[in-house]
1. Give the residues of segment A:210-221 that are within 7 Å of chain B (Cβ to nearest Cβ), at pLDDT 90 or above and part of a loop (DSSP other than H, G, I, E, B), sorted by residue number.
2. Here are some conditions: (1) at pLDDT 95 or above; (2) crowded, with 16+ Cβ neighbours inside 10 Å; (3) farther than 17 Å from residue B:33 by Cβ; (4) among the aliphatic types (A, V, I, L, M). Residue B:589 meets all but one. Which one does it not meet?
3. What single numbered condition from (1) surrounded by fewer than 17 Cβ atoms within 10 Å (Cβ to Cβ); (2) closer than 30 Å to residue B:408 by Cα fails to hold for residue B:330?
4. Suppose we filter segment A:250-285 for residues that are outside any loop (DSSP other than H, G, I, E, B) and more than 22 Å from residue B:507 (Cβ to Cβ); how many remain?
5. What are the pairs with Cβ atoms under 6 angstrom where one residue, in segment A:186-203, is over 18 Å from residue B:318 (Cβ atoms) and the other, located anywhere, is assigned to a strand (DSSP E or B) and not polar (S, T, N, Q)? Sequence gap at least six, or different chains.
6. Just to be sure, is residue A:22 out of contact with any helix residue (DSSP H, G or I) (no Cβ under 6 Å at 6 or more places or on another chain) and modelled with pLDDT under 80?
7. Could you please let me know if residue B:257 is assigned to a strand (DSSP E or B), within 24 Å of residue B:378 (Cα to Cα) and touching a strand residue (DSSP E or B) at 6+ places or on another chain (Cβ under 7 Å)?
8. Determine whether residue A:198 is surrounded by fewer than 22 Cβ atoms within 10 Å (Cβ to Cβ), within 9 Å of another protein chain (Cβ to nearest Cβ), under 17 Å from the mean Cα position of the chain (by Cα) and of a type in the set (Val, Ile, Thr).
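The values are calculated or read from the model by the stated rules, or taken from the named source; none is laboratory data. Since the model is a prediction, treat every value here as computed from it, not as a measurement. Reconstructed Cβ throughout: ideal geometry from the backbone, glycine too, with neighbour counts over all protein chains shown.
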Amino acid sequence: MSIRQTAIGGIVLLLFIGLSPGSLFAQEQQQPAAESSGMTCGDCHEQAKDFVANPHARGHVESGTVPRTVCESCHGDGTAHMEAGGDTSLIKVPRGFDGAENTCASCHGKTTERRSHRMGAHANQPAVNCLSCHAIHKPAQTLHLVARPEPALCASCHGTQASSFRNKPYTHRLGGSSMGCTSCHDPHARPGRENVRTTASGETVCLNCHGEKRGPYVFQHGGLAAAENDCATCHDPHGSANPNQLRRATVAQVCLECHSPLTSETLGSQPPSFHNLRLPRYQNCTTCHVAVHGSNRSPQLLK
Amino acid sequence: MRMKNNFTWLALAITVLLSTTAFAQVTTEIEAGYRFTSVSGNEDLYRTQIDEREGFVIRSFSVFTPQSTGLTDFLRVDATDIGAGPSSSVRVDTGREGAYRLRVGWRSMDAFSALPAYANPLLGQGIIPGQHTWDRDRTMFDVDLELLPSAKITPFIGYSQFRNEGPGTTTYTLGGDDYLLRQNLDEKETELRIGTGFNLGPVYGSVTQGWRNLESDEVLSLARAGNNGSTPVLGTNPDASQIIRSSSLDADTPFTSIFINGDVLKNTKLIGSFQRFSSEADGSDDEVANGNFVSFALGRFFTGFNESVDSRAKNQTWRGSARVESTLLSKLDVMAGYRTEHRELTGSALINTLFLDSITFGGVDKRNLEEILEADSSIDRDVDVLEAALSMRNLGPFAFRVSASVADYDITVDPDLEEIVVPGNQSGDFSRRVNTIDANASYSKSLFTIGASARLDDANRAVLRTDYTTRDRYRVRASFHTPNNMVRLGFTGEETNVENDLDGGGFNADGRSWTIDAEAAPVDVLRVRASYSILDSESRARIRRPETFVVETWTNDEDGEVLEGGIALLLAPVSLDLNLSRYENEGTLPFSVDRWRMRTVYDFKTHYGVSAEWARDRYEEEPAYGQFDADRYGIFFRYRR
């Protein structure tokens, strides 16, 4: 069975089962609130003491102690739990979809022009939700409280992209904190192109680090300016088997796939006939056409 | 220079460490040491791909204090891989509740490239690397200050700086030959952002006004005088004795960005955004060349030329979007949106060239010849996207989302006549409509999670030949873990089929990749990991050979197979982490990459320890132009408090 058949079959099957009567209108359960008392959570819970370094405690730490109100903002009033000697049934423990939806999203559910709490690629759902990626009490790193550092965190679902980054010879260097998956992708944004970050002025994310390629140029590389995928028309940002992270193994192939118009319907010039592809010089277009990203001085992008 | 930087960073780290001792509560971590390297084979390609160099390295550095002072509520400083590179970063985060939040980031990357075979026409003569190389530093610096005087208004100011500088080599085609040039590049881009966020209950958003400036200076000079391998043209052997070009560019880009969200009804959000920028780039070039040159365009020989160029290019872009999101039932969300974008690129250049001592091919009419070119070009691009989506995120263990969109692209390309070499296909109006349907579903119940998604794009026309007329993407995921997470299994499969079948376009590209991975922790102190991936792609395009006009099909394949395995052992105070992988590609560029990684840590005291690392990368390709075998050994001192 191919991936295509499996994907289509899987969607239909899950839709059929999921829409069966009873699923759509099932009620969510609400945790009751409890009364407060004077004890602190750190009296019993070691992790409450560790919470001093947690961003959720920021600005609330008093003499090195995390006040109870910090814990209660997610776990609800802990008085009954404390008075019952730590009865776990009397304290709210946010987990899974409900925990993410009713606890995390109550503060972090803001919608922006690209992010969507409800329609995002990773919007809360049983399979993936806030607590799939974020470990509030024992994060792998304090920044964003992620359960594992990037790119290992993303690799748990996006295995092929992670494998490509780890193993292909020409890739962006991920790891450390200089670059990660979230340098280019916003995990809370909507799917598709919306999931790729932009510059502050709304351009393709590549220009955040490769600003010198931005132009504008007097002599644009037409395809670059007009293309749907911008830089990704020629380059593969997730790593490539080809130098310069190009999508093709030879320079001539990168160029001639567009610069070989077989009809008048597409944009892209035909190289003149003196470009004899039997000669090495003409197999390597960038020997002469060095300014492939655009030029202010040469109409044929020669300098 | 690099050694000096290393000591600077070490001094800075020690200063930060000592200064934080003033805080009663402070968490500190530092791991610093020395990395040794041993590279055999093509060191240029090692640097192109990996570039971990010998020297002092602060592998990680972290200081955090939650202690409130009069100025801050917390302070965090994180740094990674400072020193011998190739990528380093420092991040500072501090703030005070109700007053401000300050974030400062610095990143540096070594950008090196010297490819032996790619884009190298001299490879057949045994000359490697190719003529296009660079050895540059890319540094990025960001500082963002957010003021928090109230929950309703949060003004902010930000500044970013990007710098790309260093030497390189490139080529230049002039007067019948190609010449190798030395290049020195210094590019600096700055960006200032000022704005405010606002939160008025049901209405919140932000307004940003920014100004960006790019200054670029490039100096090129002839690397090797004389003839560079070309054959005599009409009895004259082209050669160059001097080529010098200096270019400068100054580009200003003011931009505006507005976003607003309104909770218009209890369960309905209206989100709007607007962005606009207007970029204006002024460039100037001066070039001098001397030697013996030939020009078929002029029909003359000449002994040199002086050229000056003044250019101005503009990019005016705006985009606006509006969408409404609503929760109709407790488990049903719907969204409808519209986005429109307009981009207008215009350029003009005045190119003044004086050809010195030119004579006709017949050897007469000797004179200096001036050529003045006034060029104007423009590209307009309009995009309109209408979309709608429906999401059911919590049907018990199930979740679904489906969306549909229609995107209209209108592109008008009007190049200068000088850009057109062969008439046709370089200008005109192009309209393209893309219809997209995207659906995905998932199921998650205790131990199992499965998900599937499909995205189908259908276009009525291709603007570029590699644009699709149909593109199908499918993705399947599944995972399983035992109740105590002793064993975890995962599978990801993806397939993409791209095709342009219009008018004999003859372009298609298929990609299929899947990964299966397993992790097991049979006992607390041991974790093993293994994965197997297939990374395949194939593209076929019909190409018209320029010299014969014969149409033939070219293919490009990647036929990759990856095997990875790892083991982690934690026997406090000693830990060991070992990972091995092999990637073998039997496609158009066959090669294999073997990677070994080992790291062991011994914490001999509560706060002190040592770690040792060994990394090995072996790259082999066929034919063998750039093979290398690189070992790195590191010994690091660790301190944690």
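1. Residues satisfying the conditions are A:216, A:217, A:218, A:220.
2. The number of the failed condition is (1).
3. (2)
4. Applying the first criterion (outside any loop (DSSP other than H, G, I, E, B)) to segment A:250-285 yields A:251-256, A:280-283, A:285.
The next check asks that each one be more than 22 Å from residue B:507 (Cβ to Cβ); those that pass are A:280-281.
Residues flagged as outside any loop (DSSP other than H, G, I, E, B) and more than 22 Å from residue B:507 (Cβ to Cβ) within segment A:250-285 amount to 2.
5. A:188/A:115; A:189/A:115; A:195/A:185; A:195/A:189
6. On the way: out of contact with any helix residue (DSSP H, G or I) (no Cβ under 6 Å at 6 or more places or on another chain): yes; modelled with pLDDT under 80: yes.
Answer is yes for this residue.
7. Values: assigned to a strand (DSSP E or B): yes; within 24 Å of residue B:378 (Cα to Cα): no; touching a strand residue (DSSP E or B) at 6+ places or on another chain (Cβ under 7 Å): yes.
Judged against the criteria, residue B:257 is not a match.
8. Details: surrounded by fewer than 22 Cβ atoms within 10 Å (Cβ to Cβ): yes; within 9 Å of another protein chain (Cβ to nearest Cβ): yes; under 17 Å from the mean Cα position of the chain (by Cα): yes; of a type in the set (Val, Ile, Thr): yes.
The answer is yes for residue A:198.
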